[in-house]
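The block underneath contains the structure these notes are about, expressed in structure tokens.
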Amino acid sequence: MLTLLHTKCYQTVKAHHAMSFETAKKFTDLILRGDNEYINPGNSPGVVIEFIGGEPLLEISLIDRVTDYFIGEMVRLRHPWANRFRLSICSNGTEYFDPKVRAYINKHLPHLSFSISIDGSKRLHDACRVFPDGRGSYDIAIAGVEHFTKVLGGKMGSKMTIAPPNVGYVFEALQNLLALGYKEINLNCVYEEGWTAKHAQTLYGQLKLCADYLIENGLDDVYISIFEEGFFKPKDPADVQNWCGGTGDMIAVDYTGSIYPCIRYMPNSLGPGVKPLAIGHVGHGILGTEEERGCAHCLKCVDRRSQSTDECFDCPIAEGCSWCSAYNYQVFGTPDKRATFICVMHKARALANAYYWNRLYRARGMGKRFAIHIPEDWALEIIPKGEWQNLKRLEGL
Ligand code: SF4
Ligand code: SF4
């Protein structure tokens, strides 16, 4: 179970708001009381408290106070989560060397999942993450990464979100992250509208470069999430589970005290004109009103079958094709209908995975093969016939 404290926000709708300690305290009391069916030690053996911004470390004093209160209360109540909790912070790294931040990290290191966002390479990072005076923030972010991993011995993964403007830089970004020593690199395409067959061709080309680089440099121990051995095949029709925890397992509170099934249902994520989907408030609790109970009931009914068209449900490469329930709600006014703008990128990913795994198996002298489930006519939307034949040769089934 993940619980998010949204201390400050600058998302789709940029605004400057800070949560009060009182609001955070009421939320902490509420979830530790465990007297609601929604989140309690019975249905969740542990808890992750994640502090999300904007930039969460701008509110380090508040985070420190809330953390002390949360841990203190768990000890006082002899709560089952007292030794089953984690704190999670993802930062842009610009505040890392603030003495208060350093003190917090030192104090909570054993329970802390901490990461600094790096947009692939210095060029990509400094193109969009700049200080008000125009200086890029890559160097300070990297200094924070190196201190956390090399001096404190912390583990840090990396995440790159692929969108139409940066799809041509995936290989450059991956090379840089590998050179920095990252062993776990999460790469995923955004769900938003705007993907075309041209982007899919670019992604396929970039992932082929990544695959060659990984294989030729013997980097088999690095986890790159875009290459998944178990994906790109049909899904078991009995598996109707929703893709993510966004139908209620990622409960989040914002600075007003409103509680949501996931941070993505907050007003600043949904943008203007879309009604936020709240399931509670620190003032009256979780599922305290008829409307909130209605929302929760609606979310509980959502599953892969109810959300998907027959084409998606029976898709030959359905395994690993993801969706965001909250984005569905933003687009269609209901989380129960699946936005599929990502379709062509999943197809490109399926083809690149066929290339990567079969090249890897052959290079390592392994007998197994990665079966290609994507139909030829889907593949030819993205790659030429000769490349398709090359993939089939590598598959060799
Ligand atoms: S995919 Fe969307 S709905 Fe699901 S947890 Fe993530 S942001 Fe929330
Ligand atoms: S979006 Fe496309 S690739 Fe994904 S399940 Fe649906 S049809 Fe298959």
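No value in this document is a laboratory result; all are computed from the given coordinates. A quick note: this is a predicted structure, and the numbers were derived from the prediction, not measured. For neighbour counting, all protein chains shown are included, and Cβ atoms are generated from backbone atoms with ideal geometry for every residue, glycine included.
Values computed for the structure shown
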{"read-out": "Cβ charges +1 (Lys, Arg) and -1 (Asp, Glu), total dipole of the range 230-275, debye", "value": "140"}
{"read-out": "Beta bridge orientation in the chain: antiparallel %, DSSP, nearest 5", "value": "25"}
{"read-out": "Where a label projected 7 Å from the Cα of Thr161 along Cα→Cβ would reach, residues of the range 243-286 with amide N under 11 Å", "value": "264, 269"}
{"read-out": "Residues Ser306 and Asn188, FRET efficiency given R0 of 25 Å [Cβ-Cβ distance, rounded to 0.05]", "value": "0.55"}
{"read-out": "Cβ-based net charge around Asp377, under 12 Å, with every Lys or Arg adding one and every Asp or Glu removing one", "value": "0"}
{"read-out": "Candidates per trypsin sites (Lys or Arg not before Pro) in the range 282-318, loop by DSSP, up to 13 other Cβ within 10 Å", "value": "none"}
{"read-out": "Karplus-derived 3J(HN,Hα), 6.51/-1.76/1.60, for each residue of the range 147-161, Hz, glycine and proline x", "value": "5, 5, 7, 8, 8, 8, x, x, 9, 9, x, 10, 9, 10, 8"}
{"read-out": "Gain upon complete extension [Val151, Val240; 0.36 nm per residue less C-alpha separation]", "value": "27.6 nm"}
{"read-out": "Cα Rg, Dmax (largest Cα-Cα span) when computed across the chain, Å", "value": "22.3, 67"}
{"read-out": "Amide proton proximity set for Arg129, modelled H, under 5 Å, gap of 5+", "value": "Ser137"}
{"read-out": "Radius 13 Å from Cβ of Val48, net charge of other residues (Lys, Arg +1; Asp, Glu -1)", "value": "0"}
{"read-out": "Net charge of neighbours whose Cβ lies under 14 Å from the Cβ of Gly288, counting Lys and Arg as +1 and Asp and Glu as -1", "value": "-2"}
{"read-out": "Karplus (6.51, -1.76, 1.60) ³J(HN,Hα), θ = phi - 60°, over the range 191-203, in Hz, Gly and Pro reported as x", "value": "8, 5, 4, x, 6, 10, 4, 5, 4, 5, 4, 4, 4"}
{"read-out": "Across Lys122/Lys337; Lys275/Lys347; Lys155/Lys368; Lys107/Lys150; Lys198/Lys233; Lys235/Lys347, pairs whose alpha-carbon gap is larger than 27 Å", "value": "Lys122/Lys337; Lys275/Lys347; Lys155/Lys368"}
